[in-house]
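J.: Here you go, one structure.
The values are calculated or read from the model by the stated rules, or taken from the named source; none is laboratory data. Note that the coordinates shown come from a computational prediction; the quantities given were computed from them, not determined experimentally. Here the Cβ positions follow ideal geometry from the backbone for every residue, glycine too, while neighbour counts run over all protein chains shown. Please note that ligands, DNA and RNA were not included when accessible areas were found on the heavy atoms of the full protein model with its side chains. Shrake-Rupley method; radii C 1.70, N 1.55, O 1.52, S 1.80 Å.
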Amino acid sequence: MLLIPCPWCGQRDEIEFRYGGAAHVEYPADPETVDDATWARYLFVRPNPKGPLAERWCHSQGCRRWFNIVRDTVTHQIMRSYRMEEAP
Amino acid sequence: MTRLASGGRIDRSRPLRFTFDALPHTGFAGDTLASALLANGVRVVSQSVTYGRLRGIFSAGVEEPNALVQVGGGTGSEPMLRATQVELYDGLVAESLNARGRLSPEPDVARYDKLFAHCDVLVVGGGSTGLAAALAAGKAGARVILADEQAEVGGTFLGGRDLIDGRPATDWLAEVATDLAALPEVRVLSRATAVGYYDQNCVLIAQRRTAHLGPAAPAAMARQRLWQVRAKQVVLATGAHERPMVFAENDRPGIMLAGAVRTYVNRYGVVPGHRAVIFTNNDSAYACAIDLDDAGLDVPAVVDVRPNPAGGWPDRVRERGIEVLAGQVVSDTAGGNRGLESVWAGQRIDCDLLCVSGGFNPAVHLFIQSQGRLRYDEILACFVPDEAPQAVAVAGAANGTFGLRDCIQEGLAAGAAAASAVGFGDGHPAGAPQVETVAEHPIVPFWLVPDESGATQFVDLERDVTVADVRRAVGAGMQSVEHVKRYTTIGTGSDQGKTAGINSAAIVGALLGQPVAAIGTTTFRPPYVPVSFALFAGRTRGQLFDPARVTPIHPWHVAHGAVFENVGQWKRPWYFPHDGETMEQAVLRECRAVREGVAAMDVSTLGKIDIQGTDALRFLNRIYTNAYDTLAVGHCRYGLMCKADGMVFDDGVVMHVGPDRYLATTTSGGAAAVLDWMEEWLQTEWPDFRVRLTSVSDQWATVAVAGPRSREVLRALAPAMAADAVSFPFMAIREGMVAGIPARVCRISFSGELAFEINVASWYGLRLWEAVMAAGEPFGITPYGTEAMHVLRAEKGYAIIGQDTDGTVTPQDLGMSWVVSKKKDFIGRRSHRRADTARPDRMHLVGLLPVEPEDLLPEGAQLILEPRQEPPVAIVGHVTSSYRSAALGRTFALALVKGGRDRMASQVYAPLPDRLHPATVTEPIFYDKEGLVRDG
């Protein structure tokens, strides 16, 4: 069970959150103009590193804000927690 | 009796009566069941699981493999406890177990609690090391939790006779306990075993609170408590477990761990025999010889595998006239039904007690759970902690540091360092007290006494696994200790092989010609000791297990005999059976009422999201597949949403209730997921949108009134509201008073009949429902449930998201291209052009009419094309919904069929166990195809 630092509410238990997968997956500016391969990459290809991973979480049982954290996938240590508008 | 006249930490003024296997015995306050049994001369405590061999108490702690007992009778009966850990109380009733306990058939009425706690430093283990660590961290000012598994702190040295500052170590112990109690930020948990070490220094601690009180336990007090501790720093001072050496006939009652024997003598004043032989490969067991000699036992010999044991300990023993048989091993034993009678160590030695020490294994279980790595220490002959990714330090015997002086020093240093790491103190520990030390003669690793006779040599006592079993496993090709574990079951008992694991690795290594270090250990997983399910359940049992959501109208449903269905956490009326009616009869009756008269349904469970803001329209246009630009205030529109991959995600009705304000309904089970989904897009991709979302699912109660006569019921309820088809057309919203309640009425229909959905503030829900039932009475209004609703919507071919779809279905697959805008962008649009999404032979939603009108296909039935095919038979689809229809007078179904829209009027077959069931593919609409009924 993780203790996740919500940028608005502070450290909260994992059960209060919804996981949102990898962060910073760029939504194509104009999906209609990209080719199938580019669109498929957006849909299906995600980083799967052994180590730090930026990912989205939603504090759905709290302030209901989406935000990003950087979590080490080996140790589960959370190195950073930042708001959506903050730079990665 | 083998109780000493004096000594030990028992209270001889408080005798306690107990029974073991129905025989009465007496012990003292401070005894464990094990020490009391030994004091009463009970040597045989169990029979082994496979071979039925007699077994005695082997250890004095958590590692006990033999003395499993069932304690208490009736509802309080607890199975699979270790006699070495059961504290004695007056009236205790215990039975020996043959490796398997019995759960009480009665529900456990005791209370179990959970408690969340945070601290700067968590110290696990209250022996000398842990006490020193807690003291150092606490004095530095840190918030400390010290968790100790025993009734009193002190750990192993409660069973020793060490001197600290020239006085008995227990004096020092009392002083430390007093010091700790005086520190306001230090909390000492007794009878509290850390059982699991998880990510981010989350440690689960199982605390036993009342079991030791027996019948005197206060009923209001939680029997056990589960602590979930978050610690900035953890100090593991979990000590070490002594391991035996393996030799022929090594499982007789009377063969015990040497350290355990010391504990029985010094802590409990019990001598577990009369004539004792020591068998060792290290110095620690010599202290056992001295303790037994002082207690008045005959100690004929110390059998030491080391060729020339010398120095402080062996000399002290020799000075007492005890023979040290150097370079010798115990190669066999003999005995009877009271256990051990003699051992063979190059000569026959009569004895009823054999104290064995093969060295010590640091208790690294929690350290491994914390993702720490081990290394094998050749000098200490054991696995010790190495790298640790979490904020954890290991100190004392758990770290391979065995002397009392070194343990205290290491504990003080670890405590001070842990406190300093979180901002308390300078990290320099206070000076350690003076402890007398004796120069040690090093251990010689020794695991298995060679045996050519084919005698039984046990590796795992609880599992009854022998060296021959290990040899068989290696012979079968197992090389990994994990494989050997699973092949032989070594280490899979309730003791998790605490006295067997490392020995088995060493024996595997010997058979493979590899060192122990190369073999390694198996992975230690939580829990460290068995934990009852009741503790993990805590108070979340029965009604508190999962919240049940009910609508404001729920009491009426209960009073009127509704049968309920679970929809997510909601309890929804499934159908309302009359006396003597089957479900099928009730559902057909309810369906007929909707189609021919009027009926009412509680649809308050639908998810509802309030959407407000100047960009609300823009937002809706992107979220839903269809457009809302032309949706005027006072009207509503069906909406479908897809995920980015183009697959249908949820659906509902969007009401335009005011300028820049909408109310969207979702499926009953999907409300939370849809809200999170909307928030994700709003917050991550469109943060510039001025839109706010609010869940109002619980704020509204909604009653659907459906059927040809529903308009008459509405007129009776709301005389002032024009309800004719022109004034109140399909998909219009009207606000006004209904039954004297402010209401919003929508003319929408999920049944395909003329229907009105009346929304009121939830606290008026029951009153509205009662008013609807009263006003509808002259028209024969009928309450209907979810099953009738499912049948009615299926007759109209309305898909239920999650029943007729499964996350791989597009709107086009459902035949719902009409709800997909060609003009604007929306989530998932681009995916509808992907080659796979656009191919013509996808699974389409179609209708099925079984060729035999009474044939009800089971939902989930697979469909094939040709009745006679050679295997493998190609599956072309499956049934998603299947019902008996009152309106059609026959059965029908919805199905997903490959290229289904090109198979109209052709036959498919459902291969069911009895035979093939033919059905004809149709359009997925069976009733009022033109929508005249609904729109009239």
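J.: Could you size up the charge dipole of segment B:447-519 around its Cα centre, putting +1 on the beta carbon of Lys and Arg and -1 on that of Asp and Glu, and report it in debye to the nearest 20? It would help to have the intermediate numbers written out before the result.
T.: On the way: 6 positive and 8 negative charges, 43 e Å.
With Lys and Arg at +1 and Asp and Glu at -1, about 200 debye.
J.: Relative contact order for segment B:447-519: what is it in percent, counting Cα pairs under 8 Å that are at least 6 residues apart?
T.: Values: 88 pairs, mean separation 22.4, N = 73.
Rounded, it is 31 percent for segment B:447-519.
J.: Among DSSP beta bridges lying fully in the protein assembly as shown, give the percent that are antiparallel, nearest 5.
T.: On the way: 143 of 190 bridges.
For the protein assembly as shown, the DSSP antiparallel bridge percentage is about 75.
J.: Looking at chain B, send over the antiparallel percent of its DSSP beta bridges, to the nearest 5.
T.: Details: 124 of 171 bridges.
Just about 75 percent of them are antiparallel.
J.: Out of segment B:185-241, which trypsin sites (Lys or Arg not before Pro) are coil in DSSP terms and have no more than 13 other C-beta atoms within 10 Å? It would help to have the intermediate numbers written out before the result.
T.: Details: sites: B:187, B:191, B:208, B:209, B:223, B:225, B:230, B:232; in loops: B:191, B:209, B:223.
Within segment B:185-241, no trypsin sites (Lys or Arg not before Pro) qualify (loop, at most 13 other Cβ atoms within 10 Å).
J.: For segment B:823-867 and segment B:42-91, what is the centre-to-centre distance using only Cα atoms, to the nearest Å?
T.: Measuring centre to centre over Cα atoms gives 61 Å.
J.: Can you list, bin by bin at 5 Å, the percent of alpha carbon pairs in segment B:782-897, starting at 0?
T.: Percent of pairs per bin, in order: 2, 10, 18, 19, 17, 14, 10, 6, 3, 1, 0.
J.: Using Cα pairs closer than 8 Å and at least 6 residues apart in sequence, work out the relative contact order for chain A, in percent. Write out the running numbers ahead of the final one.
T.: Working: 140 pairs, mean separation 24.4, N = 88.
Reported relative contact order: 28 percent.
J.: Shifting gears a bit: Starting with the highest mean, order B:294-302, B:565-573, B:278-286, B:155-163 by the number of other Cβ atoms within 10 Å, averaged over the residues of each peptide.
T.: On the way: B:294-302: 19.4, B:565-573: 17.9, B:278-286: 26.3, B:155-163: 21.1.
In descending order of packing, they fall as B:278-286, B:155-163, B:294-302, B:565-573.
J.: What does the C-alpha gyration tensor say about the overall shape of segment B:607-695? Classify as rounded when a/c is under 1.5, otherwise prolate if a/b is larger than b/c, or oblate.
T.: It is rounded, given that a/c, with a ≥ b ≥ c, falls under 1.5.
J.: For segment B:328-441, just the Cα atoms, rotate onto the principal axes and tell me the three extents in Å, largest first.
T.: 61, 35, 28
J.: Give me the summed buried accessible area for the A-B pair, 1.4 Å probe, to the nearest 100 Å². Numbers along the way, then the final one.
T.: Values: alone 6110 and 38510 Å², together 41920 Å².
The contact between B and A buries close to 2700 Å².
J.: At a 1.4 Å probe, which residues in segment B:171-212 are at least 30 Å² less accessible with all protein chains present than in their chain isolated?
T.: B:199, B:200
J.: Could you work out the per residue convex hull volume over the alpha carbons of segment B:447-519, in cubic angstrom? Write down the numbers at each step before the final one.
T.: On the way: hull volume 5.8 nm³, N = 73.
Per residue, the Cα convex hull of segment B:447-519 comes to 80 Å³.
J.: Under a no-solvent Debye model with one identical scatterer per Cα of chain B, what's log10 I(q)/I(0) at q = 0.06, 0.07, 0.10 Å⁻¹?
T.: These q points yield log10 I(q)/I(0) values of -0.64, -0.78, -1.02.
J.: Enumerate the amide H contacts of residue B:465 below 5 Å, restricted to partners 5 or more residues apart or on another chain; note that Pro and chain-start residues carry no placed amide H.
T.: B:459, B:460
J.: Using +1 at the C-beta of Lys and Arg and -1 at the C-beta of Asp and Glu, which of B:869, B:933, B:917 has the Cα lying farthest in the positive direction of the dipole of segment B:837-934?
T.: B:933
J.: Beyond 29 Å between alpha-carbons counts as too far, so tell me which of B:643/B:823; B:796/B:898; B:571/B:898; B:608/B:898; A:50/B:139 fall in that bin.
T.: B:571/B:898; B:608/B:898; A:50/B:139
J.: Comparing A:30, A:72, A:13, which has the greatest mean-square fluctuation in the GNM of chain A with Cα pairs linked when under 10 Å apart?
T.: Highest fluctuation of the listed residues: A:30.
J.: Turning to a different aspect of this structure: Can you give the charge dipole size of the protein assembly as shown about its Cα centre, rounded to the nearest 20 debye, using +1 on the beta carbon of Lys and Arg and -1 on the beta carbon of Asp and Glu? Could you put the intermediate results ahead of the total?
T.: Values: 100 positive and 116 negative charges, 329 e Å.
Roughly 1580 debye for the protein assembly as shown.
J.: With every protein chain left in place, what is the accessible area of residue A:79 in Å² (1.4 Å probe, nearest 10)?
T.: About 100 Å², rounded to the nearest 10.
J.: Set Lys and Arg Cβ to +1 and Asp and Glu Cβ to -1, take the dipole of chain B about its Cα centre, and tell me which of B:79, B:366, B:593 lies farthest positive.
T.: Of the listed residues, the answer is B:593.
J.: Placing unit charges on C-beta atoms (Lys and Arg positive, Asp and Glu negative, everything else neutral), compute the dipole magnitude of segment B:607-695 about its Cα centre in debye, rounded to 20.
T.: Working: 8 positive and 12 negative charges, 55 e Å.
For this selection, approximately 260 debye.
J.: Using alpha-carbon positions, what is the distance between the centroids of segment B:753-797 and segment B:1-29, in Å?
T.: 72 Å
J.: Something else about it: Between residue B:41 and residues 5 or more places away or on another chain, which pairs have amide H atoms under 5 Å apart, with H built 1.01 Å from N, and which residues are they?
T.: B:2
J.: Further question on the same structure: Go through B:625, A:38 and list them by solvent-accessible area, largest first, probe radius 1.4 Å.
T.: Numbers: B:625 0, A:38 50 Å².
Ranking B:625, A:38 by accessible area, largest first, yields A:38, B:625.
J.: Roughly how many Å² is the accessible area per residue of segment B:837-934, as a whole number, for a 1.4 Å probe? Numbers along the way, then the final one.
T.: Numbers: 4750 Å² over 98 residues.
Result: 48 Å² per residue.
J.: Now for a different question. I'd like the mean, over residues of A:42-54, of how many other protein chain beta carbons sit within 10 Å of each residue's own Cβ. Don't jump to the answer; show the numbers that get you there.
T.: Details: counts 4, 8, 1, 0, 0, 0, 0, 0, 0, 0, 0, 0, 0.
Mean partner-chain Cβ count within 10 Å for A:42-54: 1.
J.: Please compute the per residue accessible area over segment B:607-695 with all protein chains in place, 1.4 Å probe, rounded to a whole number of Å². Please list the in-between numbers first.
T.: Details: 2960 Å² over 89 residues.
In whole numbers, segment B:607-695 has 33 Å² accessible per residue.
J.: Averaged across B:825-831, how many Cβ atoms of other chains sit within 10 Å of each residue's Cβ atom? Please report the intermediate quantities before stating the final value.
T.: Values: counts 3, 0, 2, 2, 2, 11, 6.
Across the residues of B:825-831, the mean count of other-chain Cβ atoms within 10 Å is 4.
J.: Something else: Against the longest principal axis of chain B, how steep is helix B:128-139, in degrees 0 to 90 to the nearest 10, with axes from Cα atoms?
T.: Tilt relative to chain B: about 60 degrees.
J.: For the protein assembly as shown, just the Cα atoms, rotate onto the principal axes and tell me the three extents in Å, largest first.
T.: For the protein assembly as shown, the Cα spread along each principal axis is 115, 66, 59 Å.
J.: Compute the whole-percent fraction of alpha carbon pairs in segment B:29-167 spaced more than 23 Å apart. Kindly include the intermediate steps, with their values, before the conclusion.
T.: Values: 4904 of 9591 pairs.
When every Cα pair of segment B:29-167 is considered, 51 percent fall beyond 23 Å.
J.: Pull up the cross-link candidates among the aspartates and glutamates for residue B:485, meaning alpha carbon to alpha carbon under 16 Å and not fewer than 8 places away within one chain.
T.: Straight-line reach from residue B:485, under 16 Å: B:460, B:462, B:464, B:469, B:495.
J.: Follow-up. Can you tell me what the convex hull of the Cα atoms of chain A projects to on average, as an area in nm²?
T.: On the way: hull surface 25.5 nm².
Quarter of the Cα hull surface area: 6.4 nm².
J.: Right, next: Give a quick list of trypsin sites (Lys or Arg not before Pro) in segment B:101-139 that DSSP marks as loop, anything other than H, G, I, E or B, with at most 13 other Cβ atoms within 10 Å.
T.: Numbers: sites: B:102, B:111, B:114, B:139; in loops: B:102, B:111.
In loop regions of segment B:101-139 (DSSP not H, G, I, E or B), the sparsely surrounded trypsin sites (Lys or Arg not before Pro) are B:102.
J.: Once the Cα gyration tensor of segment B:837-934 is found, what semi-axes does its equivalent ellipsoid get, as square roots of 5 times the eigenvalues, in whole Å, sorted largest first? Could you put the intermediate results ahead of the total?
T.: On the way: eigenvalues 104, 63, 19 Å².
Largest first, segment B:837-934 gives 23, 18, 10 Å.
J.: Counting heavy atoms of the protein chains only and a 1.4 Å probe, report the per residue accessible area for segment B:1-159 as a whole number of Å².
T.: Solvent-accessible surface per residue comes out at 39 Å².
J.: Once phi is turned into ³J(HN,Hα) by the Karplus curve 6.51 cos²θ - 1.76 cosθ + 1.60 with θ = phi - 60°, what whole-Hz value does each residue of segment B:627-632 show in order, with x for glycine and proline?
T.: Going residue by residue, I get 9, 10, 4, 8, 7, 7 Hz, with x marking Gly and Pro.
J.: If I fit a long axis through the Cα atoms of helix B:501-512 and take the longest principal axis of the Cα atoms of chain B, what angle between them do I get, 0 to 90°, rounded to 10?
T.: Rounded to the nearest ten degrees, it is 80.
J.: Something else about it: Provide a whole-number value for the mean count of partner chain Cβ atoms within 10 Å of the Cβ atoms in peptide B:672-682. Spell out each step's value before the answer.
T.: Details: counts 3, 2, 0, 3, 6, 3, 0, 6, 6, 2, 1.
That works out to 3 on average.
J.: Mind jotting down the distance between the C-alpha centroids of segment B:413-435 and segment B:254-326, whole Å?
T.: Centre-to-centre (Cα) distance: 36 Å.
J.: Continuing with the same structure: Can you list residues whose amide H is under 5 Å from residue B:233's amide H, if they're 5+ apart or on another chain and H is modeled 1.01 Å from N?
T.: B:121, B:122
J.: Defining a contact as two alpha carbons under 8 Å apart and six or more residues distant in sequence, what relative contact order in percent does chain B show?
T.: Details: 2251 pairs, mean separation 84.4, N = 936.
Here the relative contact order equals 9 percent.
J.: Return the equivalent ellipsoid semi-axes of segment B:116-204 as a descending list in whole Å, where each equals the square root of 5 times an eigenvalue of the C-alpha gyration tensor. Kindly include the intermediate steps, with their values, before the conclusion.
T.: Working: eigenvalues 109, 47, 19 Å².
Whole-Å semi-axes of the equivalent ellipsoid: 23, 15, 10.
J.: Which of B:562, B:333, B:860 sits closest to the plus end of the dipole of chain B, meaning its Cα is farthest towards the positive end, when Lys and Arg get +1 and Asp and Glu get -1 on the C-beta?
T.: Result: B:562, furthest along the dipole toward the positive end.
J.: Sticking with this structure for a sec: Given a 1.4 angstrom probe, I'd like the percentage of the accessible area of chain B that is carbon and sulfur, rounded to a whole number. Before the final figure, lay out each step's value.
T.: Values: 19580 of 37130 Å².
Reported share for carbon and sulfur atoms: 53 percent.
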